[in-house]
Structures are given as C-alpha cells and as structure tokens.
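Input: a single structure, listed below in structure tokens.
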Amino acid sequence: MKTLRIFGRNIRDSFKGVWRNLSLSLASVSCIAITLIVVSIAMILSGNVNSFTSQIENDVTIVAFLDQNVEKNDISNIYKEINKLEYVDTIEFKGKDEIADEMMDASATYENIMSGWTHDDNPLQDTYLVKVTDIDHISDVSKKIEQINGVSIVKYGEGMVEELVSIFDIIKNVTIIIVIALILVTAFLIANTIKITIDSRRREIEIMRLVGASNANIRIPFIFEGLLLGVIGSIIPIVVTCYGYVALYARLHGQLFSSIIRLIIPEPFIYQVSGLLLLIGMVVGMFGSLRAVRKYLKI
Amino acid sequence: MDLIRMRDVTHTYKTGVTALRDLDLTIEKGEFVFIIGSTGCGKSTLGKLLYRELKPTKGTILIGGENVGKIPNRKVYKIRRKIGVVFQDYKLLEKSTVYENVAFALEIFGLPKEEIHEKVLKALDLVGLKGKVKMYPKELSGGEQQRVAIARAIVNSPKLLICDEPTGNLDPETSMEVMKVIQSIHELGTTVIMVTHDIDIVDKLKKRTILLNAGRVLKDYAEGEYTK
C-alpha cells in the first residue's frame with residue numbers, strides 16, 4: 001500500500017513537474033518532436049529501400065533449361081537433385097507447352113507462329129524456375145544445377161544480378177547507418193534538453209535531499225517526467241508519420257517513379273514506425289533524465 | 001540523557017581550511033542551545049556536520065547513539081528523516097503552495113493522504129499559518145516564509161531541530177516572531193540547536209550558548225549565563 005502511494009505520488013509529481021516547468025518542458029517536447037520527425041523520415045526511407053531491394057532480390061530466378069529429349073522420369077530426378085542443393089528456396093516446373101501458351105497469350109504474333117505446334121514439334125525446352133534463399137549464393141547454385149544430368153543451360157542474369165546485389169547492399173548499409181546515427185544524435189539532443197530542464201531544478205533536488213528523500217525518491221519522479229516528455233514529444237511525429245505516409249502512399253499510388261519500385265503498404269508499417277518512435281522517445285527521455293539527475297545525487 | 005555527543009571532531013575543507021578543530025560537545029535531550037561566534041568560527045560547519053551535509057575529517061558525532069559520520073551518502077536520508085532543518089534562505093519550493101511545501105516532507109514516506117493532511121495542518125497551525133495554505137512562497141513575507149520552513153522541518157515530529165541562521169534575513173521584530181515559534185516547538189519537547197550571529201536574540205532568550213572561536217569551543221555558557 002505504501003509503495004503504491006509512493007508510486008502514485010511519483011506519477012502525480014511527474015505531471016506536476018511538466019506543468020510547473022512548462023516553458024522548459026515545451027522546449028524538451030519540441031526538441032524531441034523535431035528530432036523524432038527526422039528519425040521517422042529516415043526510418044521510412046530505410047524501410048522502403050530495404051523493402052525495394054528485397055523485392056528485386058526475390059524476383060531474381062534461376063531458369064534451368066532441360067534437354068530437349070528429357071524423359072518424364074528424368075524430370076522428377078532433376079527436381080530431386082535440385083532440391084538437395086543448399087540455398088534452394090522454391091522450385092517450379094514450367095513445361096514447354098505451358099511456356100508456349102503463355103507466349104501466345106502475351107502476343108498475337110507469337111500466337112500466329114506457335115498455334116500449329118504440337119507437343120512433339122514444340123522447339124522450346126521444359127524448365128525449372130528456381131529461387132534461392134540467399135541471393136549471394138545464386139552463382140554457386142546455378143553452377144551446381146548446370147552440372148545435373150539432363151540440364152542443358154542455366155540462366156539467371158549473370159553479372160547484372162551480382163552488380164545489383166552489391167549496390168543494394170551498399171544502399172541498405174548506408175541507410176541503416178544513417179538511421180542509427182540519427183537515433184544517437186536524437187538521444188544526445190533530447191538528453192541535453194532534459195538536462196537543462198533538470199539543471200534548473202537543482203534547488204528542488206537539494207530540498208528533497210534535505211527533507212529526507214532517498215536517492216530513489218528523488219530519481220523516480222524525474223525518470224517518470226523524462227518518460228512523460230518522451231511520450232508527449234513522440235505524439236506529433238507519430239501523427240505526422242501516420243497521416244503523412246498514408247497521404248504520400250495514396251498520392252504516389254503506392255509506387256515511386258515506376259511500378260518496379262513499390263512502396264511498403266501503410267498498414268502495419270506506419271504502426272511499426274510509430275511504435276519505434278514512441279519507444280525511442282520514452283527510452284531517451286528516461287535515460288536523459290536519469291543521467292541529468294545523477295549529477296545532483298550524492299551516491 | 002545525551003542526544004548529541006561530539007568527540008574530537010575536526011573538519012577540514014578540500015581547500016585546506018580547517019573549520020573545526022578537536023571539538024568536544026554534548027547536548028542533552030530537550031535542550032535549547034545557541035551556537036554563536038564570529039564569521040568563519042565554524043558554527044555553520046558544525047550545523048552541517050549535525051545534519052550530515054558534511055562528514056567529519058576526524059572524530060565521532062553520535063546522534064541518538066548513531067555515528068552519523070559513518071553513514072554512507074546514499075543512506076543519509078535516514079538520518080535526515082529524524083532531524084528537522086531550517087535555513088536562512090528558507091529553501092522553499094517556489095512553485096508549490098504553502099501546504100505542498102510542508103506536505104512534501106511527508107509524501108516521500110508514502111503516508112496516507114488523510115494523515116498527511118492532518119499533520120500538515122497541525123504544523124501550520126503551530127507556526128500560525130493555517131489560513132495561508134493555498135498561498136505561494138512569493139506571496140508571503142520573509143517571516144512567514146521562514147515559518148513555512150519551520151512547519152516543514154517539524155511536520156515529521158523530529159527529536160532534533162537544527163536552525164542555521166533562521167533570522168538572518170529578517171528584521172528584529174519578525175525575528176522575534178520566528179523565535180517565538182521555535183521556542184514553542186522547543187516547549188513541546190524538541191531539542192533545538194540554533195546557529196546564529198544575532199546576539200540580541202541570544203541575550204533575550206538566555207538559553208545555553210556555545211561560543212566558538214577558530215573552530216574550537218571558547219566558552220560554554222549555561223542557561224541564563226550569557227549576556228551581551
């Protein structure tokens with residue numbers, strides 16, 4: 001009961017602290033809000049770059065063309081052989097008749113040429129479309145597939161894929177570094193603003209100590225206050241993120257420049273970003289406060 | 001019965017200045033003691049040692065049998081809860097009301113609201129400020145602010161009240177009003193130690209008076225002995 005009362009008092013005091021030091025609290029909240037908006041933009045950019053690169057990587061497929069005269073039995077053996085390989089994700093069989101049908105559906109010219117073909121005189125080859133779990137190993141997997149008996153040629157966009165992958169890796173790493181750096185800068189800025197707020201209240205801390213407040217008695221209301229500033233400060237960035245991203249997504253019709261670059265669907269992405277913003281605000285607010293108040297505690 | 005027993009107490013500041021030298025002092029429960037002396041004689045240092053704002057460099061200070069010099073910093077609050085302290089500059093929370101300033105000292109203990117309310121009003125009644133609970137310190141006179149500080153110091157019913165120049169900022173008339181309050185608290189059984197340079201007050205009250213000089217006890221006047 002006593003602990004509950006002390007806890008209740010701490011919560012009440014933290015609200016009072018924010019209210020009674022309104023101008024400094026507003027300075028802290030504005031600082032948190034502005035920096036978190038920048039963090040939010042960086043997170044949205046980074047999330048979309050990651051999503052886009054993953055989309056491209058997922059679209060890369062190894063096409064294994066089988067020998068013209070391959071038997072039904074061999075087809076299933078080849079499947080088993082491919083399936084044994086490491087880093088193989090999905091294997092899809094596409095027979096030559098299916099390929100011809102697709103081509104005829106796609107173009108009238110093809111239809112004119114191909115419509116007379118029977119299964120036996122179809123010059124196309126049966127194929128296996130293989131996706132890998134890790135694009136870095138696409139070249140090794142292709143080479144191994146090529147060695148399987150009954151496979152004639154393997155294609156996956158050699159050269160271009162490797163180049164794309166390395167560019168994407170650089171972009172991903174750079175955006176992650178930017179986000180981390182921004183979070184650190186935010187933490188520093190918020191912690192410093194809160195420090196100024198608390199520095200102005202060292203007299204209050206001194207009085208608390210004189211009337212017999214323990215270090216925990218002093219620290220806890222300030223930690224709650226930091227937490228509260230963090231929560232209030234993250235409200236505007238969260239609103240900006242939610243409404244801003246949904247509006248942007250709608251305006252760009254979910255794509256950037258062309259249909260190749262698809263933006264992440266707003267839900268649940270905006271909630272994830274918002275959750276992270278709230279968490280950063282709370283943690284940084286709390287630790288900023290704790291760091292500042294420590295200075296005035298004689299431990 | 002001894003409440004305070006100081007033996008061989010020396011305090012040297014980090015600057016190298018020695019404020020108290022081999023001081024021996026015993027104060028009985030229920031006494032009212034003035035500590036006087038010229039500026040720099042060590043009287044404020046003595047007060048600070050008693051409420052454990054400072055630690056003695058040498059010697060022992062026992063308060064109620066507890067060696068306060070040995071208490072680690074993080075446990076100082078335990079001794080502070082047993083001692084009421086009043087300062088020259090009142091040390092009130094400017095943004096809190098009279099009531100909140102006094103209640104503050106009880107809230108940290110987690111007492112129930114009703115009990116806090118009762119004790120705060122009782123303390124404010126004792127200092128004659130029951131009618132000003134909702135006012136803020138800046139709306140009060142110096143004497144009233146000091147009385148709020150006294151109410152805060154005694155709200156927890158401490159056995160010992162240390163007053164460090166409580167009338168330092170007040171005119172003679174207001175000083176006497178504050179002294180009346182301190183005396184009435186003493187009459188209720190609280191031991192009072194008052195550090196002061198206000199010789200008129202000391203002369204009028206005729207309490208036990210300890211005259212310090214260069215960090216040592218120059219003279220220990222028994223009750224009624226001291227005259228200007």
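All of the numbers you see were taken from the coordinates with simple rules; none came from a lab. Computed from a predicted structure; not experimentally measured. Cβ: placed from backbone, ideal geometry, glycine included. Neighbour counts: every protein chain shown.
A few notes on this one:
- Built amide H within the under 5 Å cut-off of B:Val85, gap 5+: B:Ile162
- Within the protein assembly as shown, the percentage of alpha carbon pairs spaced more than 32 angstrom apart rounds to 63%.
- Only Lys, Arg (+1) and Asp, Glu (-1) charged, at Cβ; region B:92-156 dipole about Cα centre in debye: 140
- Over 28 Å between alpha carbons, listed pairs A:Lys16/A:Lys195; B:Lys78/B:Lys219; B:Lys78/B:Lys206; B:Lys119/B:Lys206: B:Lys78/B:Lys219; B:Lys78/B:Lys206; B:Lys119/B:Lys206
- Of B:Val17, B:Val33, B:Val102, farthest towards positive along the dipole that unit charges on Lys, Arg, Asp, Glu beta carbons give chain B: B:Val17
- For region B:156-161, 3J(HN,Hα) per residue [Karplus equation, 6.51 cos²θ - 1.76 cosθ + 1.60, θ = phi - 60°, Hz, x = Gly/Pro]: 8, 6, x, 6, 10, 10
- Other-chain or far-sequence residues with amide H under 5 Å of B:Lys207's (modelled H): B:Gly224
- Short-range pairs are left out: with C-alpha atoms under 8 Å and at least six residues apart, the relative contact order of region A:1-139 is 30 percent.
- Label-to-label distance for B:Arg5 and A:Glu111 is 11.3 nm, based on points extended 7 Å past Cα in the beta-carbon direction.
- Going from the fewest other Cβ atoms within 10 Å to the most, the residues A:Val18, A:Val246 appear in the order A:Val246, A:Val18.
- Sorted ascending by nearby beta carbons within 10 Å, beginning with the fewest, A:Phe7, A:Phe65 become A:Phe7, A:Phe65.
- Cα centroid separation, region A:223-299 to region A:115-150 (Å): 46
- Dipole of the protein assembly as shown, positive end: most advanced residue of A:Ala33, A:His137, A:Phe257 [Cβ charges, Cα centre]: A:Ala33
- Excluding same-chain neighbours fewer than eight residues apart, the lysines reachable from A:Lys94 by a Cα-Cα span under 21 Å are A:Lys72, A:Lys80, A:Lys84, A:Lys131, A:Lys143, A:Lys144, A:Lys155.
- Shielding by partners - mean other protein chain Cβ count within 10 Å, residues of B:150-156: 1
- Folded to 0 to 90 degrees: helix A:72-84 orientation relative to chain A principal axis, Cα: 30
- Charge tally for B:His197 (other residues, Cβ to Cβ under 14 Å; Lys, Arg +1; Asp, Glu -1): -3.
- Over chain B: helical MRE at 222 nm, DSSP H runs n ≥ 4 each giving -39500 (n - 2.57), nearest 500: -9500 deg cm²/dmol
- Within 10 Å of the Cβ of each residue in B:89-98, the mean number of Cβ atoms contributed by other protein chains is 3.
- Ranked for footprinting exposure by Cβ neighbours inside 10 Å, fewest first, A:His137, A:His119 give A:His119, A:His137.
- Inter-chain Cβ neighbour count for B:105-113, averaged per residue, equals 6 (cutoff 10 Å, partner chain atoms only).
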